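Reading through the structure tokens given below for one structure.
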Amino acid sequence: MPARAGVQGIHKVILATLAEESKNLVDAFYEIFLNDPRGSRYLTHRQVNQRLRHVLERWLFDLFEHYPPIIDSESQRSLGEAHARLGVPMDLVLRGAACLRSGLSRRLAEQMNDAKELGEALTNVSQAFDNAIIEMSEAYVSGARMRARTAESYRLFSLGRDVAIEREAQRAALMEWSQSILFGLLAGDRDFPPLSDSEFGLWFRHRASILFDEAPEFPRIQAAMNEIDRNILPLARTVSAGDMPQLAARFQKEVDEVKFLLGEMFQQIAGVDQGTDPLTRTLNRRFLSTVLSREIVTASAAQSLFSICMIDVDHFKDINDRFGHPAGDAVLKQIAGRIQDSIRPSDFIFRYGGEEFLVLLVEAEEHEAMQVAERIRSAVEATPVDVQGAQELTVTVSIGVATYDGHPDYQTLVERADRALYQAKRLGRNQVVAG
């Protein structure tokens, strides 16, 4: 650069250096993530990888769009909130930012000959990164605290559900499965569905993991379930008829252990009556981030899928305007009941908005979710709602379905379901569309 190029010249050199080095800088940033197990899971999905690289390059150029740099606080805070929502470790972000700053500074030092202008350029580069990271970190800390409070609130709420009903429902599910297996063992059957895939297994994996995550009995139940699925049931394929009663006794011992430990856990929890929508008794939307984030971690670890359904009541405003809000409330309560009747105990229903519900279907691929969504749609249409004491009103719903595709940010999944719902509305309502 010519001597004493001035402020505009310094700005041009910084932008030119970014244009030449942005790919290398981004590669160095992501090498830090890839070499750390906590960060590498965010880069295993090709779509995320490509998208995040583009976003980071854009972020670098935006950071130095003006000179001296003017930090867009809202943009940096939004990025920090996204990191908190994803659970990206902040120390990795800070190390990555330090790598970007040192890499850019090193290249500027190689290209700028005037010591004073180089000093000014490096000072502004450092200030730009520092100010951006400050804004980002403040938003991250705030978002992380909110996530922690919401997660704990959801755990407490989960403990406060009708414990007796929940306990008996899961004991019944466990006993129904175990009796069918026991009869099969004694009858000489050779192939059995694992406990982990049963109704009880789904509940244990997705709901009990929230209710009892820190209970000492929880890993013991998991160990007993593993013993049944990995050792006892496979033995049934090869054991002789004479040894089958002994295997059946071993099976019953493990089932009794699960049943006992389950009772112990339920006895230890105390009720807390909060967290549901008072009208529909569905989950409060504020718990959505907690539940979806946990489900993404579970699905990623197990290499499994799950789906969500965004459900909107068609012409709901017209119902309120024509029949009044009590009629609208009756519609919402009945639809919530139809949804509950159409899903499994391990699934989740949220009151998402005024006339919107969001349903999380655990371990459900797209074709399975579409079947459930269609079941909900037809059940709602087939069940008129009593309004004003006498008149029956036929109500329909539109549903958008989206299936987890590996993206670590649950918000992208919700947005896909929302776009599918919009498409269902455009097609004439009373439709189910996958997105």
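The values are calculated or read from the model by the stated rules, or taken from the named source; none is laboratory data. From a predicted model like this one, the values you see are computed outputs, not experimental measurements. When we count neighbours, we look across all protein chains shown, and the Cβ atoms used for this are built from the backbone with ideal geometry, even at glycine.
Check I399, I376 and return the single one that is assigned to a helix (DSSP H, G or I) and buried (at least 22 other Cβ atoms within 10 Å of the Cβ). So the residue among I399, I376 that is assigned to a helix (DSSP H, G or I) and buried (at least 22 other Cβ atoms within 10 Å of the Cβ) is I376.
For the range 140-157, the criterion of a residue being among the small types (G, A, S), surrounded by fewer than 18 Cβ atoms within 10 Å (Cβ to Cβ) and modelled with pLDDT of 70 or more is satisfied by no position. Of the residues screened, Q8 is one that is part of a helix (DSSP H, G or I), more than 27 Å from S289 (Cβ to Cβ) and at pLDDT below 75.
For the range 162-216, a residue qualifies if it is at pLDDT 80 or above and of a type in the set (S, T, N, Q), and the qualifying residues are Q170, S178, Q179, S180, S196, S198.
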